[in-house]
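K.L.:
Would you mind keeping the following structure in view while I ask a few things?
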Amino acid sequence: MEGNDGGLPEVCIERTVEWVDTDAAGHQHNSVIMRWVEAAEAEMFRRLELPEYFPSAPRVQQVINYRAKLWFGQRVTARLSVQQVGRTSLTFAFEVHGHAHKKSPGGLAAHGTFTTAYVPADSDGAQPWPDHMRAVICGAGVQSARAGKA
């Protein structure tokens, strides 16, 4: 796992645009961008060893800006970073880049942000992040998450 300039976690994953990821026009369906971003999010929290994040971090906002088409068979890289750690929320930034392909020179295909809130199972609303989760996300545990995990 990499870290961004602020020392917050960042991760990249690679995928291939599969047939199921395309729409009738032959390029990626709009929804596939968030599936790849969510796959990067899952990888990030596996590497941080925080499985308890997922059942308690619903989306409260997301923005996607589409810049270029991605085509069946094209390789893509999804980069996700924690942009801001709030008292009860996390804001992530992401970019999805296409690699060179016969129908595209590659480059930035989509970018955006999304925010999750910490809502534990026994709560009806957002609560402050637990200290141990905040410590890992803010860097106290990132070095151990990086060690031995490429």
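Rule-based calculations on the coordinates, nothing more; no lab input. For clarity, every value in this text was computed on a predicted model and none was experimentally measured. Because the Cβ atoms are built from the backbone with ideal geometry, glycine has one as well, and the counts that use them run over all protein chains shown.
K.L.:
Tell me, what ³J(HN,Hα) does each residue in the range 99-106 have, in order and in whole Hz, if you take phi through Karplus 6.51 cos²θ - 1.76 cosθ + 1.60 with θ = phi - 60° and put x for Gly and Pro?
P.N.:
7, 4, 8, 4, 9, 7, x, x
K.L.:
Another question about this same structure. Provide the FRET efficiency to the nearest 0.05 for the residue 25-residue 59 pair, computing r from the beta carbons and using R0 = 22 Å.
P.N.:
0.25
K.L.:
R0 = 22 Å: FRET efficiency of residue 127 with residue 39, Cβ-based, nearest 0.05?
P.N.:
0.25
K.L.:
Once both axes come from the Cα atoms, what is the angle between helix 30-47 and the longest principal axis of the chain, in degrees from 0 to 90, rounded to 10?
P.N.:
Tilt relative to the chain: about 40 degrees.
K.L.:
Taking N as the number of residues in the range 2-146, what is its alpha-carbon radius of gyration divided by 2.2 N^0.38 Å?
P.N.:
Here the answer is 1.11, to two decimals.
K.L.:
While we're here: With charges only on Cβ, +1 for K and R and -1 for D and E, what is the dipole size of the chain about its Cα centre, in debye, rounded to 20?
P.N.:
520
K.L.:
Zone of residue 47 (label point 7 Å along Cα→Cβ, backbone N under 16 Å): which residues in the range 96-113?
P.N.:
96-97
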